[in-house]
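The values are calculated or read from the model by the stated rules, or taken from the named source; none is laboratory data. None of these values were measured; they are calculated from a predicted model. When we count neighbours, we look across all protein chains shown, and the Cβ atoms used for this are built from the backbone with ideal geometry, even at glycine.
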Amino acid sequence: MIKAENVVKRFDGNLAVDRVSVEIKEGIVFGMVGTNGAGKSTLLRMIAGVLKADEGKITVDDAPVYENPAAKKEVFYISDDAYYLNNGTSVDMADYYGAVYEKFNRKRYLELLDQLGLPLSRKISTFSKGMKKQVSILLGVCAGTKYLLCDETFDGLDPVMRQAVKSIFAKEITERGLTPVLASHNLRELEDICDHVGLLHKGGVLLSKDLEEMRTGIHKLQCVFADEEQEARVLMGLEVVNREERGRLKTLTVRGTQEEIAARVAAAEPVFFEMLPLTLEEIFISETEVAGYDFKKLIL
Amino acid sequence: MTSRSSFFKLLKEDLRQRLWTIILAAIVFVLPVPIYIAMEISSSRGFGTGMLDHFAIRLAEPMSYNSAWMIMVTICGAFICAVSGFGYLFSKKKVDFFHSLPVKRETLFAVRYINGVLIYLVPYVVMALVSILIITVTGNMRAVVFFVVLKGLAVHLLGYLAIYTTFILCVTFVGNFVVFCAVSGWVFGITPIVLLIYNWFEEQFFNTYTYMGDALNERLHSLRFLCPEYFYIYSWNGREVGVAFVLLQELAFVAVLTVITLLVYKARPSDGAGKAIAFPILKPVIRISVELLAGALIGMLFHEAADRSYGVPGWMIFGAILGVVICHMLIQSIFYFDVRKCFADKTSLGVVAVVAVAFVLVMRYDTFGYDKYLPKEKKLESVAIDITGLDTYRNNYKYDGSYMNYTDEVYEMELTDIDAVYPYLESLVADNEYYWKLRERGAATTVTRVEVTYRLENGKTVYREYRVPEIRENLFAPVFESMEYKEVHYSDVYSVPENILESITAVHAMNTQLMNLSTGERTEFMAIVRRELAAQSLKEKLNTLPVAVLNLQFVSYRVQYDSDGMPYDNSRVYKVELPVYPSFTETLAFLAERGFYPDEEYEWTGKELMRIEFPEVVQKEDAGYMGDVWSTESVEVTEYVLTGDNNKLVEAQIEYPKDWDYGYNVIPVDEEDYKRLYELCTWEELYYYGGVSDYDRHENYRVSLDVPREGYNVYETYYFTIPEDADISFLLD
């Protein structure tokens, strides 16, 4: 487990990360979202052991990560602007990483390169942006680490490649418990891939929740009530987070399980009602508004 | 932990990334020197056995410790390897890449550091081996080549490590290549520049400052650990210390420097990449030091340009402020990468400007009493005193066991009887101050220059030059009369052995005698001379004319070799002149026993030609010339002139333009007059060999005597002076 406790980082007096505490459990895909400058990259660089926290503690499997090769062996960091060795090919990169990551799986790396149609002996500097990202992801996956930190890595990947990467991740998670940590400013990028999401804003964590838990605990309800009395009766037993009205059609965001909500609404026999799934964005809108923030100003 | 195999894998992978530096090193090392050696051998002539050592040394010269080629390659190589190995610290994405690897910083440092050394060392060794092979197979190998090559390797490798590590230290300080170049200039240049500027101030503002040959070099040597390029290039030159000592010293320096660099590298924040300076604390250190230097430098330039002739230092103050401000603007713009920040930290700017102005003023007015400096008596270990004007005819030589070398009293002399010397030193400090006050007032005075070396118990050496109106006979006498003074002041007489003493000639005007002495007699004679010289008082030295002069001729034999290895005779003849004073009674007696009498009456042959030359008016320094216009004033001078008809001498008033060099008149006189005039004469050379005091010689009259040289159809001319009050009216008849 990766654990950050009250982590603070300043650059030239400017607060980049402000008392962040977050836990990233093993075997999940952790999404880290936030606007530009929210502190995602800084937090990832601290987790990767590149930066030293000014205050607080970051541990990987209970071991401090900074200047600790034993802990860093379990972490692979893919920067948003990754470096590739001068004139290096995909194979050269594998050679280099192979020298420092003992569990680097060269065979699988070559297989995956082949599967994704990436050339072995061509200089990486001649690759497209998307191809470079694919190489980075494959290097990270094959390094044999428990944690894979990806900073804006999914930017520029086409949908097909995203699916391919998703399936690679799924396999690695299943086979050896890989924990990808994906940082992005774009919620929609993470929606279909993450299990757990942490929202960073102005250097702090606004919330950090399991996506499934969020999805099962909050629902969108569209309904039309016969009269106000009926409506009041139904709503009295529900935890309404958000409410919109368009004529008689009411759209409610309600906490609770789908079954509980459906049973309670159905019992009141409204004119019409249906349960709709929430997008990740809608869930965040609700959660952050509850926390007192205007989500639309926080994130795309 | 990084396993050993991982470490070597990293070494290998890092070398793969630095292929271009390896190729460059291979080209620079392996090609030029072996090619040079092969060309030299192919174009060489046949040599005798005795020359082969020298030819072999010449072949190995490009690999010697002071080879300019190797020094250049080493410094450039250190720069390239430091940047290729640690330049990644300038790039954020490279830093993210390397610092996210499961490798400790010290391992990363070691990998890159070692590779940087290998890139230099391996081609160097290959070059040396190939060169030795060429020298060997062509039959020019000598054992001395190994020594030259090994010493060269040790010096250049240690120098490389010092320069290379310093460049790495500079890389770790900064986050940008351009700033790296500037900071490297600061690190390598700050010590010599500070010393140069300080030296310039000393020279300009301190009256007792004296440039003692290598004073700057000496200071740099004492600060060599702050100046790696000096440490590398000059540590081995001219130091009378063992190779092993220097080697150990350099090894220790490199080890300490490497540890410091590693610690700085480890402490360097990864987010330093892309910034001007990675460590915020360094910014004011660099900025303030450069601003102060710039203030001092520009202040001095303005002083030179504007204030020099006048006492008001207004322009100097303006220059100091200007230097600080310009420098501040420039540095802040670089540090912030924003020209709008050029006036950031205004308080600091103000403080530095005030300090710079204070510095130039303190130096200008010698606030801390540089000129009044006199070490405490107890702290003095020894003193050297060299009075310019005392025995000006002499060049000091010292015999080093095989050869005679020039020597300098201020370096060689060690007067340890401080009690005897100290009163004189006190008088020098006071008299110097008095002299400069007189000069400021424009008062004319005589001047004697006295150079002093203070050697302190703490190992420090301080040089001063005093200008004093007079010698102060009573205070200087205990110094002059000590053996420690005389053994150095007359070092040739005391240090040179008789076995290289070729000849002794006693001279007094026309009376010259080469002394035919046996080896035993020479030894005896020199012992007498040394004894009487040691016993001579300052009073006699300053107030009595010598009676004769001894010319001692030493020959120092030496065979040397030219750049082609050809031997040539570099033997040198040294002539040492020593005046003989009336107190040298035993010396004079020794000479008399062998037929030399200084005051022997001259036997006139009637072929001599005697003349009086006059007047000889000395041009005054401070008159007659104002800007580009010569004075048109004239002066009347009383002269004796010849009438045209009967060659009679008559007195006349002649008008000359003021400050001209006057001509002279010549008067032939008859033999009677010759003898009368000669009786008034003193051989002029005796004044030259005498002390510094004035004598009552007539400044305007000079007598010359042309004597026919026996066996030759030529005359030799001797010059004489006559007393100021001499009556020469008999010549008017």
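The strands (runs of 3 or more DSSP E) found wholly in region B:354-464 and carrying at least 1 residues that are closer than 29 Å to B:LYS539 by Cβ and among the aliphatic types (A, V, I, L, M) occupy B:380-388, B:448-456. The residues listed here are B:PHE554, B:PHE596, B:PHE584; of these, the one that is under 21 Å from B:ILE500 (Cβ atoms) and surrounded by 13 or more Cβ atoms within 10 Å (Cβ to Cβ) is B:PHE554. Among the residues making up region A:32-65, those that are surrounded by fewer than 20 Cβ atoms within 10 Å (Cβ to Cβ) and either farther than 28 Å from A:TYR109 by Cα or without any contact (Cβ under 8 Å) to a residue 60 or more places away in the chain (or both) are A:THR35, A:ASN36, A:GLY37, A:LYS52, A:ASP54, A:GLU55, A:GLY56, A:LYS57, A:THR59, A:ASP62, A:ALA63, A:PRO64. Within 14 Å of chain A (Cβ to nearest Cβ) and touching a His at 6+ places or on another chain (Cβ under 9 Å): is that true of B:ARG18 in this structure? No; evaluated as a whole, the condition is false for this residue.
Does B:SER382 count as polar (S, T, N, Q) and either touching a residue at least 60 places away in the same chain (Cβ under 8 Å) or touching a strand residue (DSSP E or B) at 6+ places or on another chain (Cβ under 7 Å) (or both)? The answer is yes for B:SER382. Within region B:268-282, the residues that satisfy the criterion of being under 16 Å from B:TYR88 (Cα atoms), within 44 Å of the chain's Cα centre (by Cα) and not basic (Lys, Arg) are B:ALA276, B:ILE277, B:ALA278.
Scanning region B:540-551 for residues that are basic (Lys, Arg) and either surrounded by fewer than 17 Cβ atoms within 10 Å (Cβ to Cβ) or not in a helix (DSSP H, G or I) (or both) returns no hits.
Checked against the criteria, B:VAL493 counts as touching a Leu at 6+ places or on another chain (Cβ under 8 Å) and either over 26 Å from B:VAL410 (Cβ atoms) or of a type in the set (Val, Ile, Thr) (or both).
Would you confirm whether any residue within region A:21-43 is in contact with a Pro (Cβ under 9 Å, 6 or more places away or on another chain) and of a type in the set (S, T, N, Q)? Looking for residues that are in contact with a Pro (Cβ under 9 Å, 6 or more places away or on another chain) and of a type in the set (S, T, N, Q), one finds none in region A:21-43, hence no.
Let's see how each residue does on (1) at pLDDT below 95; (2) more than 13 Å from every other protein chain (Cβ to nearest Cβ); (3) farther than 19 Å from B:LEU262 by Cβ:
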| site | (1), (2), (3) |
| --- | --- |
| B:SER67 | yes, yes, yes |
| B:MET70 | yes, yes, yes |
| B:ILE80 | no, yes, yes |
| B:VAL83 | no, yes, no |
| B:PHE86 | no, yes, no |
| B:LEU89 | no, no, no |
| B:LYS93 | yes, no, yes |
| B:VAL103 | yes, no, no |
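Of A:ARG45, A:ARG10, A:ARG106, all but one fail to be assigned by TED's automatic domain parsing to the domain that holds A:MET131, among the basic types (Lys, Arg) and under 19 Å from A:ASP151 (Cβ atoms); the exception is A:ARG45. When every residue of region A:50-67 is checked against the conditions, at least one turns out to be assigned by TED's automatic domain parsing to the domain that holds A:GLY198, of a type in the set (Ser, Thr, Tyr) and not in a strand (DSSP E or B). Within region B:481-539, being buried (at least 16 other Cβ atoms within 10 Å of the Cβ), out of contact with any strand residue (DSSP E or B) (no Cβ under 6 Å at 6 or more places or on another chain), of a type outside the set (Asp, Glu) and not in a helix (DSSP H, G or I) holds for B:SER482, B:TYR490, B:ASN511, B:LEU517, B:GLN536. Does A:LYS166 fit the bill of being in a helix (DSSP H, G or I), charged (D, E, K, R), within 22 Å of the chain's Cα centre (by Cα) and within 14 Å of chain B (Cβ to nearest Cβ)? No, not satisfied.
For region A:94-114, the set of residues classified as more than 9 Å from chain B (Cβ to nearest Cβ), touching a residue at least 12 places away in the same chain (Cβ under 8 Å) and out of contact with any helix residue (DSSP H, G or I) (no Cβ under 6 Å at 6 or more places or on another chain) consists of A:LYS103, A:LEU110, listed by residue number. Looking only at residues of region A:282-292 that are surrounded by 16 or more Cβ atoms within 10 Å (Cβ to Cβ) and in contact with a helix residue (DSSP H, G or I) (Cβ under 9 Å, 6 or more places away or on another chain), we find that the one that is modelled with the highest pLDDT is A:ILE283. Condition check for A:LEU120 on (1) within 11 Å of chain B (Cβ to nearest Cβ); (2) more than 22 Å from the chain's Cα centre (by Cα): one failure, at (1). Residues in region A:9-48 that are of a type in the set (A, V, I, L, M, F, W, C) and more than 14 Å from chain B (Cβ to nearest Cβ): A:VAL20, A:VAL22, A:ILE24, A:ILE28, A:VAL29, A:PHE30, A:MET32, A:VAL33, A:ALA38.
Looking at region A:81-93, which of its residues are of a type outside the set (Ser, Thr, Tyr), in contact (Cβ under 8 Å) with a residue 40 or more places away in the chain and facing chain B (nearest Cβ under 9 Å)? Of everything in region A:81-93, just one residue is of a type outside the set (Ser, Thr, Tyr), in contact (Cβ under 8 Å) with a residue 40 or more places away in the chain and facing chain B (nearest Cβ under 9 Å), namely A:ALA82. Among the residues of region A:49-62, at least one is facing another protein chain (nearest Cβ under 10 Å), modelled with pLDDT of 90 or more and closer than 19 Å to A:LYS146 by Cα. Residue pairs whose Cβ atoms lie under 9 Å apart, separated by 6 or more positions or on different chains, with the first residue in region B:669-690 and crowded, with 19+ Cβ neighbours inside 10 Å and the second part of a loop (DSSP other than H, G, I, E, B) and polar (S, T, N, Q), are B:GLY690/B:THR544. Annotation for region A:190-212: no member residue is of a type in the set (Asp, Glu), under 30 Å from A:PHE127 (Cα atoms) and surrounded by 20 or more Cβ atoms within 10 Å (Cβ to Cβ).
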